[in-house]
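Written below as structure tokens is the structure these notes are about.
Computed from the coordinates by the stated procedures, all read-outs in this text should not be read as laboratory data. Since the structure is predicted, the reported quantities are computational estimates derived from the model, not experimental observations. Every residue, glycine among them, receives a Cβ derived from its backbone with ideal geometry; neighbour counts consider all protein chains shown.
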Amino acid sequence: MAKEMDFAKVKEALDLFKPDGQLYEIRILKGKQTISGYFTDTDTLEKAFKTVDLRGANVFYTLNQIDDACYSREQRDCFRQVKVTTSDGDIVGYRWMLVDLDPVRRTGISSTNEELIRSHDIAEAVVKYLRELGFNAPVMALSGNGIHLMYKIALTNTAENAELVSRCLKALKLLFDDEYVQIDSTVSNPSRISKLYGTMAQKGSSTKDRPHRLSRIIRRPDQIITTPREMLEKLASEYPEELSHPKSTQATKGGFDVEEWLREYGIRIHAVKTWKDATRYVLEECPFDGSHKAPDAAIIKMANGAVCFKCLHNSCQGHDWHELRLKYEPDAYDDKRAEDEARIEAGWKAYKAFNRQRNDIEYQEAETDDPVSMFETVSQILAQPPEERICIPTGLELFDKRVGGFAKGEISLVSGLRGAAKSTWLSQVVLNAVDKGFNALMYSGELKDKRFIGWLLQQAAGPDHVMQSRKYEGVWFCQNDVKKSIADWLGDRFHLYNNKYGSNFRKIAECLRDVIKELKADIVVIDNMSILDLTGISTDRRNDKWDLQKLFVETLKNLSMVCNCHIIFVAHPRKAMGFLRLDDVGGSGSLGNLVDNAFIVHRNNKDFKNGYKTYMGKAWADPSGEDTNDNVIEIVKERETGMQDVFIPLWFDIRTRRLKNDPGEVTVYGWDYDGFIGESVNTDDLPWEDGDGKDNQI
């Protein structure tokens, strides 16, 4: 057995992927034989392996969580040749997403060293791309013939989640497949088996050029963090199946000739790669940044006629096929716009009518027949009653000390790279506003209402009233018995927009003024601008998306003054570089010039430290003198004081999803002021479950 297995490496792998006595199936495929066993500990498994001849066999294990009832099958704690093995219906939930990079070669043979190295190079490119997308580091393993990347996930076994994982793998395949290495997009089914690391990969004969190799873990991060669902959804959106994601794809008629279009506009092709679902035209350089060379930028035409553009560099994340075509053909979509002109005209009329209504509130234009009276002396201005500047504190001490909080009548922009904790901070701002007696409205376009509220309750609950899932590492949730107390405390002071009414900004803007007045909202958060449909607020066909963004900000600015509230909106950067600057947000008109205040949320990682040193000319250090903080809020622009280039260090608490002033801080919100201590609840419910034992995942 020693030649076909290194059991120390087997134990290392199972301790990592199947900790705490989790049930797993080991499946041995040898010729036409299928040998199976169910195990929960490695000592029993080691004894069972001694009963099996592994010469010429390949050994696998189940990736995902099996229903414990399967442990009662005949192959419990032993190996048997059986017909019944783990099926998709036996899986409780997804726990790992496998990215399997395999070199292209003849069937039934092992890979050469050169082929294996190519797989490793593509794997490193995938890791880099996903890291820039917001993913944490995966476990990297040698399958024997290719490379495996293992990303930890936590999803229930539903058709929707199976499709989500499938689309993630299809997206990676679309972006990284070439003639030498391919990503297997078929490994997304719940009962998928994968190579048991520590066992020999024995395809074909072992030769000098194509040897059998021992599979093993190559690299693992110090801390393995569960990938949030929203990260998977972002990755899945890169696959334009059935034109379901118009942001990253643009439908064209089946006869559109991509090669002819590229020749017409002098865009040089590095290589053309075709497979079943699509043809990829790899460009010699990215049209948006000539420093991005092949094979990083490509135009992809799907079999269904969809065309998309993708550059793997983070700074090009916002560029899509629609934008690329308009770069060379400014009138490419005029026919489509003409068809929508009636709808847009109606929307524009409603938009103008909405803005005219501002004259009937506090902000009214005066009229006079004396032109001189339209101008004031200093003495006249000083004689006016003092204007009260009401600021809404955020609860972040250093931030509030520097800027005073969010002033009513103003508008703020918040930006940051993916995963920087923008949404985390703003939901915490909302909680603190309510705690101080202010009323809040929120639009969260990326999250369904139940998911958002699950996170908000977790933040409001605090460390004494959250529990950790026994099943899912790093997952915490609000105890059921305190949810009603928090809801009663929030009462009518917090309202969340119901996303079922759509994301058309014109429609939202038409009613928002009346809603703010009726609910007496002091602070309004829009997270985020990119989710909103801004079409319909302009009839000028020359207006591009930057013009629409400007109209969007002007509308919010009017609302903040008319309704005497503070409006915060999130804007994703058009460039997603390691050290984000305000100029990277918005178009040539720069949203930063239109707002009163602008803030950037950073993660305190290597990219931030390097960028900070380049930009500030010195190494990053938080005011405490220690570099232990997790996030940083940068004050980029502040209207009242002119403050900029101020960096506020914060610490993230995974239990409560809070950003804290210092690691030991414990904030108690109003619902718990009376010392309410919830009764401990022994449950494995996830944050998006109701605690009734039923699957309510959103």
*If one puts a single equal scatterer on every Cα of region 12-102 and applies the Debye formula without solvent, what log₁₀ I(q)/I(0) results at q = 0.14, 0.25 Å⁻¹?*
-0.49, -1.48
*Relative compactness, region 412-562, computed as alpha-carbon Rg over 2.2 N^0.38 Å*: 1.17
*State the extension gain, in nm to one decimal, for the chain segment bounded by GLU114 and LYS500, taking 0.36 nm per residue of separation less the distance between their alpha-carbons.*
133.7 nm
*For VAL92 paired with ARG639, estimate the spin-label separation in nm (one decimal), with each label point 7 Å from Cα along the Cα-to-Cβ line.*
5.3 nm
_Can you give the FRET efficiency to the nearest 0.05 for GLU518 and GLN384, using r as the Cβ-Cβ distance and R₀ = 30 Å?_
0.50
*What is region 7-226 by shape, rounded, prolate or oblate, if you read a ≥ b ≥ c off the alpha carbon gyration tensor as root eigenvalues and call it rounded for a/c under 1.5, prolate for a/b larger than b/c, and oblate otherwise?*
oblate
*Using Cα pairs closer than 8 Å and at least 6 residues apart in sequence, work out the relative contact order for region 7-226, in percent.*
25 percent
*If we count other beta carbons within 10 Å of each Cβ, what is the order of PHE647, PHE60, fewest first?*
PHE60, PHE647
*Are any of the pairs LYS173/LYS301; LYS152/LYS173; LYS83/LYS152; LYS520/LYS557; LYS436/LYS471 more than 25 Å apart by Cα-Cα distance, and if so, which?*
LYS83/LYS152; LYS436/LYS471
*Per-residue HN-Hα couplings for region 4-19 [Karplus 6.51, -1.76, 1.60; θ = phi - 60°; Hz; x = Gly/Pro]*: 8, 7, 10, 5, 4, 6, 4, 4, 4, 5, 5, 5, 7, 8, 9, x
*FRET efficiency, 1/(1 + (r/R0)^6) with R0 45 Å, evaluated for ARG220 and ARG106 via beta carbons*: 0.90
_Please rank GLU397, GLU132, GLU179, fewest neighbouring Cβ atoms within 10 Å first, as an exposure proxy._
GLU179, GLU397, GLU132
*Return the loop-located chymotrypsin sites (Phe, Trp or Tyr not before Pro) in region 112-178 (DSSP other than H, G, I, E, B) with at most 10 other Cβ atoms within 10 Å of their own Cβ; answer none if there are none.*
none
